[in-house]
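The values are calculated or read from the model by the stated rules, or taken from the named source; none is laboratory data. Please read all numbers here as calculations on a predicted model, not as lab measurements. Every residue, glycine among them, receives a Cβ derived from its backbone with ideal geometry; neighbour counts consider all protein chains shown.
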Amino acid sequence: MMVRQIMQKGLVTVLPTSSVHDAALKMKEHNVGSALIVEEGGKLKGIVTDRDIAMAVAADSKDPQTTCTCDIMTKDPITINSDADIDSAMRIMNRANIRRLPVTENGKLVGLLSSSDVAMEMKEQFNQFIGLEGAFAKH
């Protein structure tokens, strides 16, 4: 299975100059745990997660209205090409200890793959396998 088949295509993006508050509002509105930080032309600069906001803003008593996403983002995040296989994506995520992997095609941001996307796909494949097992057992 390829990354493009299960990646999320509806991306939540904000500018590096956006406030953490604005990023958090967008994340809440779309019910996601991260926002991709992109320049005007769509070039990926970083990623901010709900954990980043909690640890770098709330825990340090920073003002989310005046703190820029560029101040707390993970800069130049690891990415994966959309035609990579899921096994490669899982290895990358495991080695880097990350749960979200921006997806690119020809250097352009096209999606986001999360560990929960992979888990849901694996669960679906497992359920299909169990269904086949049950069908064979009846014969």
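Identify, by number, the condition in (1) farther than 21 Å from M1 by Cα; (2) out of contact with any strand residue (DSSP E or B) (no Cβ under 7 Å at 6 or more places or on another chain); (3) polar (S, T, N, Q) that S34 doesn't meet.
With (1) farther than 21 Å from M1 by Cα; (2) out of contact with any strand residue (DSSP E or B) (no Cβ under 7 Å at 6 or more places or on another chain); (3) polar (S, T, N, Q) applied to S34, the lone miss is (2).
If you take the residues of region 106-125 that are touching a helix residue (DSSP H, G or I) at 6+ places or on another chain (Cβ under 9 Å) and not in a strand (DSSP E or B), which of them is farthest from L11 (Cα to Cα)?
Top of the filtered list is M122.
Counting just the residues of region 114-127 that are farther than 30 Å from G41 by Cβ and of a type outside the set (S, T, N, Q), which one comes out modelled with the lowest pLDDT?
Among those residues, the one meeting the criterion is F126.
Take the residues in region 81-91 that are of a type outside the set (G, A, S) and in a helix (DSSP H, G or I); name whichever of them is surrounded by the most Cβ atoms within 10 Å (Cβ to Cβ).
Here the residue is I86.
Kindly indicate the residue of region 2-24 that is in a strand (DSSP E or B) and of a type in the set (A, V, I, L, M) and also farthest from T74 (Cα to Cα) among those meeting that condition.
It comes out as M2.
Please find, among V48, V20, V32, the residue that is among the β-branched types (V, I, T), more than 18 Å from L112 (Cα to Cα) and surrounded by 12 or more Cβ atoms within 10 Å (Cβ to Cβ).
Of the residues listed, the single one that is among the β-branched types (V, I, T), more than 18 Å from L112 (Cα to Cα) and surrounded by 12 or more Cβ atoms within 10 Å (Cβ to Cβ) is V20.
Give the number of residues within region 92-105 that are assigned to a helix (DSSP H, G or I) and either within 19 Å of K123 (Cβ to Cβ) or at pLDDT below 95 (or both).
Qualifying residue count for the region: 2.
Among the residues that make up region 106-113, is at least one of them loosely packed, with under 12 Cβ neighbours inside 10 Å, modelled with pLDDT under 95 and either of a type in the set (S, T, Y) or at positive phi (or both)?
Looking for residues that are loosely packed, with under 12 Cβ neighbours inside 10 Å, modelled with pLDDT under 95 and either of a type in the set (S, T, Y) or at positive phi (or both), one finds at least one in region 106-113, hence yes.
Kindly establish whether K9 is surrounded by fewer than 14 Cβ atoms within 10 Å (Cβ to Cβ), of a type in the set (K, R) and touching a residue at least 40 places away in the same chain (Cβ under 8 Å).
So K9 fits the description; yes.
Only one of (1) within 27 Å of K9 (Cβ to Cβ); (2) modelled with pLDDT under 95 is not met by I130, so which one is it?
The one condition I130 does not meet is (1).
If you scan region 25-80, which residues turn out to be among the charged types (D, E, K, R), part of a strand (DSSP E or B) and either without any contact (Cβ under 8 Å) to a residue 12 or more places away in the chain or in contact with a helix residue (DSSP H, G or I) (Cβ under 9 Å, 6 or more places away or on another chain) (or both)?
K45
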